[in-house]
Structures are given as structure tokens and as C-alpha cells.
1. Scan region 50-62 and give yes if some residue there is within 21 Å of ILE135 (Cα to Cα), free of Cβ contacts under 8 Å to residues at least 60 places away in the same chain, more than 14 Å from the chain's Cα centre (by Cα) and part of a loop (DSSP other than H, G, I, E, B), otherwise no.
2. Are there any pairs with C-beta distances below 8 angstrom linking a residue in region 99-126 that is over 21 Å from LEU29 (Cα atoms) to a residue that is surrounded by fewer than 21 Cβ atoms within 10 Å (Cβ to Cβ) and of a type in the set (Gly, Ala, Ser), with the two at least 6 apart or on different chains, and if so which?
3. Please determine, by comparing only the residues of region 26-49 that are aliphatic (A, V, I, L, M) and part of a strand (DSSP E or B), which one is surrounded by the most Cβ atoms within 10 Å (Cβ to Cβ).
4. Those residues that are within 10 Å of ALA44 (Cα to Cα) and among the small types (Gly, Ala, Ser), I need them from region 56-90; list them, please.
5. Within region 121-175, take every residue that is buried (at least 19 other Cβ atoms within 10 Å of the Cβ) and of a type in the set (Ser, Thr, Tyr) and give me the one that is nearest to GLY186 (Cα to Cα).
6. Across region 1-25, what is the total count of residues that are without any contact (Cβ under 8 Å) to a residue 24 or more places away in the chain and either assigned to a helix (DSSP H, G or I) or among the aliphatic types (A, V, I, L, M) (or both)?
7. Say we look at region 93-129 and pick out the residues that are of a type in the set (Ser, Thr, Tyr) and modelled with pLDDT of 95 or more; which of these is nearest to PHE33 (Cα to Cα)?
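The values are calculated or read from the model by the stated rules, or taken from the named source; none is laboratory data. What you are looking at is a predicted structure, and each value in this text was computed from that prediction instead of being measured. With ideal geometry, Cβ positions are generated from the backbone for all residues, glycine too; neighbour counts draw on all protein chains shown.
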Amino acid sequence: MKEKRPTVVVYCASSSHIDACYFEAAERLGALFAEYNIVCVNGAGRQGLMGALNDSMIRHGGTVKGVIPRFMVEAGWCHDQLNETIVTQTIHERKQCMAQSADAVIALPGGLGTLEELAEIITWKQLGLYTNPVIILNTNDFYRPLLAFFDRMRETRFLKETNLSMWEVASSPEEALSLLKDFFDGKASETAFQEKEL
């Protein structure tokens with residue numbers, strides 16, 4: 001029986017007016033996904049970090065699947081060189097489709113859309129609707145205020161201490177891949193993760 005390739009959903013910004021370090025991290029993540037034979041699922045954008053991630057995946061021979069609502073396609077926001085593009089009717093359908101395919105989720109830096117997606121998948125994990133890893137890629141310490149806010153939730157008892165284990169934080173694409181490798185190695189009978197040293 002053919003082994004299932006791991007599929008990782010990536011949430012990230014579509015803005016292009018950001019520092020180069022964020023683009024470099026997105027491009028590096030795309031290269032690592034291609035190297036480790038990981039299928040990347042994202043919002044199918046052609047600009048910002050999403051565009052950089054998709055371009056890197058394609059450039060390095062990786063497999064990338066985009067999920068995008070029709071109104072964004074009509075607005076010209078869709079990347080046109082992905083291996084597969086799924087067009088949904090609504091944003092809600094897009095997010096559900098992405099989450100259903102996810103063996104893991106990585107959140108790169110982003111704006112309100114990325115924040116909303118990250119908060120939703122963590123909430124789903126809290127409710128038991130999603131059980132796989134959520135990794136916050138904290139490039140350039142971008143997520144430090146959010147992580148401090150999570151700690152504030154815990155301190156004020158709006159969040160249980162045990163809930164802090166619902167996500168992991170990586171400071172680099174390499175560290176994110178190391179966290180994924182630990183998870184996929186534990187699911188060797190279900191997913192294939194190439195044996196390489198990070």
C-alpha cells in the first residue's frame with residue numbers, strides 16, 4: 001500500500017509590504033517542504049508570504065494545493081501555477097476544506113486573516129474537532145505579543161494551564177520541520193516522512 005504523504009496547512013500573509021526576513025523564512029519553509037516531500041496546502045495566493053511560499057515550492061519541485069473562494073479568484077488574487085486549486089463559494093468553506101486536509105498546521109506571520117485562522121484552529125483543537133499539531137512560526141519574534149496575551153489569559157484563568165500545550169512555537173523553518181518530524185515519526189504507519197537530518 002502506498003504511504004500517505006504528510007499534508008501541512010500553512011496560514012500566512014498576503015501583504016507584500018513587509019520586511020525581507022519574513023519572505024526569506026517563507027521561501028525557506030517552501031524549500032524544506034519540497035525537500036521532505038510534504039504537501040503544502042494554503043490559501044492559493046500569489047502575493048506576500050503566500051506567494052513567496054508557493055513560488056518556492058514550485059521552484060524546488062514541491063507539491064502545493066491552494067484553496068480559495070471564488071470572489072478572490074475573480075479579483076485576480078489566485079496563483080496560477082499550483083499543482084491543484086480548489087475554488088470554494090465562501091471563506092468559511094475554504095477554511096473548513098483546508099483544516100480537513102491538515103496533518104498539521106503552521107502559522108507564519110500575518111495580519112488579521114492569519115490571526116483569525118490561527119485562533120480558529122486552536123479553538124477547534126480545544127474542542128477536540130482538530131487533534132494534530134499547530135506550530136506558530138515566530139519569525140523575527142513576530143508573535144511575542146500574542147504569546148504574552150495567551151499567558152495573560154492563563155494568568156487570569158480564561159485559559160487552562162493545560163491549554164498552553166495546544167500549540168508549539170518555532171523560531172525558524174528548520175525548527176518547525178523538526179517539530180513536524182517528531183510528530184510524523186510517531187505516525188509512521190500512517191504518513192511518510194523522509195529520513196533526513198535537519
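1. Initial filter on region 50-62 (within 21 Å of ILE135 (Cα to Cα)): 50-54, 56-57, 62.
Narrowing the set further to residues that are free of Cβ contacts under 8 Å to residues at least 60 places away in the same chain leaves 50-54, 56-57, 62.
From what is left, the residues that are more than 14 Å from the chain's Cα centre (by Cα) are 56, 62.
Narrowing further to those that are part of a loop (DSSP other than H, G, I, E, B): 62.
Within region 50-62 (the criterion being within 21 Å of ILE135 (Cα to Cα), free of Cβ contacts under 8 Å to residues at least 60 places away in the same chain, more than 14 Å from the chain's Cα centre (by Cα) and part of a loop (DSSP other than H, G, I, E, B)), the answer is yes, since at least one residue qualifies.
2. TRP124/ALA99
3. Quick first cut of region 26-49, residues aliphatic (A, V, I, L, M) only: 26, 29, 31-32, 34, 38-39, 41, 44, 49.
Among the residues that remain, those that are also part of a strand (DSSP E or B) are: 39, 41.
Details: VAL39: 20, VAL41: 25.
Within region 26-49, the match that is surrounded by the most Cβ atoms within 10 Å (Cβ to Cβ) is VAL41.
4. First, pick out the residues of region 56-90 that are within 10 Å of ALA44 (Cα to Cα): 64-69, 72-73, 77-82, 84-87.
Listed by number, the list holds a single entry, GLY66.
5. Among those that are buried (at least 19 other Cβ atoms within 10 Å of the Cβ) and of a type in the set (Ser, Thr, Tyr), it is TYR130.
6. First, the residues of region 1-25 that are without any contact (Cβ under 8 Å) to a residue 24 or more places away in the chain: 1-2, 17, 20, 24.
Those still in the list that are either assigned to a helix (DSSP H, G or I) or among the aliphatic types (A, V, I, L, M) (or both) too: 1, 20, 24.
Qualifying residue count for the region: 3.
7. Checked region 93-129; the qualifying residue nearest to PHE33 (Cα to Cα) is THR114.
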